[in-house]
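The values are calculated or read from the model by the stated rules, or taken from the named source; none is laboratory data. Since the model is a prediction, treat every value here as computed from it, not as a measurement. Cβ coordinates were reconstructed from backbone atoms using ideal geometry, including for glycine residues, and neighbour counts include every protein chain displayed. Please note that ligands, DNA and RNA were not included when accessible areas were found on the heavy atoms of the full protein model with its side chains. Shrake-Rupley method; radii C 1.70, N 1.55, O 1.52, S 1.80 Å.
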Amino acid sequence: MNATTAGATAPDQGRIVLLTTSHRVAPGLLSWPAWQALRTADRVLCADGAHPQLPYLREAGIRVEEAAMAAEELVDACAGGRTAVVVATGEGEPALTDSLARLAGSGRVRMPDLELLPASYDLPGARLLDLVQVMDRIRLECPWSSQRTHKGLAKYAIEEAYELVEAIEDGDRDELREELGDVLLQVVFHARIAEEDPDAPFSVDDVAATIVDKLVHRHPHVFGDERADTPEEVRQHWLRTKAAEKQRTSVTEGVPLGQPGLALAAKLHSRVRTAGLDVPLPAGEGIGYDLLALAARAESEGTDPEAALRAAARAYRDAIRAVEG
């Protein structure tokens, strides 16, 4: 924000710098322009005596006044070409900025230059830190959340995953965003519970580190010297590294038997086909064996049988509603 044109500005009226910082960045890690403004300022003010930046500013030799000036006082403090830096609180000092804007708009006062100077910026993914902090507080203070266990939450993970799939199939972007958040909540909630395990605790950072290591290892064509120019070559890289990691004695290891039946049948057939095994489908009578054959056929043709059945079921639901009027 630069308000030099908002009111009558005189060269000797100085400068007001509103210095903003992100609580998601470690205190003291400020931009070079921020440090320059702080070191050359005639006065540095902060209304919050517990502001996390204050100890680091004072350690760097910056004299900070714990004071909250009114807009007119601040303007007067800059008279004669002086510079005042205001270290903003978490809310960004809206009352002060509103008052300065009104003062500038009145035309009664010769205004100093007004500058908004971000001293630290959020990196991509920074809001995840907020989620971890909120989850930590909820776990400690909420009577319901503080009693949850991994087993007690398991059903919600399944429900949220299905709701995410439904949002994807509906093509609803707002719903997709919300459901992705609900799935992310399950991950952070379970990780927070895991911190309390007396024998084998781990945190959300451990969870993130594990998946980062896995992704890097399974993408040697991105992070290493191997090359993959087609999706199929990428898939082969993935399968080779996964096989080396798991060292399984059976292709069926790692296939969750609790998943829906069509998905289970398709996954087993995929493992057999990928491994090049000659395993005929079991012969039998009844709808179960018919569905198994259909799931295997769908998987061979590159079709997700669960998604195909859901699409057909949704069409059936629409037909029902049409008849119902």
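Quick rundown of the values:
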item: Cα-centre dipole for the chain with unit charges at Cβ (Lys and Arg positive, Asp and Glu negative), debye to 20; result: 480
item: Computed [θ] at 222 nm, helices only, for the chain once each DSSP H run of length n ≥ 4 contributes -39500 (n - 2.57); result: -17500 deg cm²/dmol
item: Gyration tensor verdict on the stretch 204-258 (Cα atoms; rounded if a/c is under 1.5, prolate if a/b is larger than b/c, oblate otherwise); result: oblate
item: Per-q log10 I(q)/I(0), the stretch 218-325, q = 0.13, 0.15, 0.16, 0.22 Å⁻¹ (Debye; single scatterer per alpha-carbon; no solvent); result: -0.66, -0.81, -0.88, -1.23
item: Cα gyration tensor shape of the stretch 141-181, rounded if a/c is under 1.5, else prolate or oblate by comparing a/b with b/c; result: oblate
item: Of all accessible heavy-atom area on the stretch 228-325, the percent that carbon and sulfur account for (1.4 Å); result: 59
item: In the stretch 37-70, the trypsin sites (Lys or Arg not before Pro) that fall in loop regions by DSSP, at most 15 other Cβ within 10 Å; result: ARG63
item: Shape call, the stretch 128-196: gyration tensor on alpha carbons, a/c limit 1.5; result: prolate
item: Accessible-area ranking of CYS142, CYS46, largest first, probe 1.4 Å; result: CYS142, CYS46
item: Most positive-pole-ward Cα, GLY302, ILE287, CYS78, against dipole of the chain from beta carbon charges; result: CYS78
item: For the stretch 163-299, accessible area per residue (1.4 Å probe, heavy atoms of protein chains only), Å²; result: 68
item: Evaluated at q = 0.12, 0.13 Å⁻¹: base-10 log I(q)/I(0), Debye formula over Cα of the stretch 7-72; result: -0.35, -0.40
item: The stretch 18-80: GluC sites (Glu not before Pro) in DSSP coil with no more than 13 other Cβ atoms inside 10 Å; result: none
item: Whole-Hz ³J(HN,Hα) from phi, Karplus 6.51 cos²θ - 1.76 cosθ + 1.60, for the stretch 126-139, glycine and proline x; result: 5, 5, 4, 5, 4, 4, 5, 5, 5, 5, 4, 5, 4, 4
item: Inverse of mean 1/r across different Cα pairs in the stretch 81-188, Kirkwood, Å; result: 18.6
item: Cross-link partners of LYS267 among lysines (Cα-Cα below 19 Å; sequence separation of 8 or more within a chain); result: LYS242, LYS246
item: Among beta bridges that DSSP assigns inside the chain, antiparallel share in %, nearest 5; result: 5
item: Solvent-accessible surface ranking, highest first, for HIS51, HIS190 at 1.4 angstrom; result: HIS190, HIS51
item: Dipole of the chain, positive end: most advanced residue of LEU185, HIS221, GLN133 [Cβ charges, Cα centre]; result: HIS221
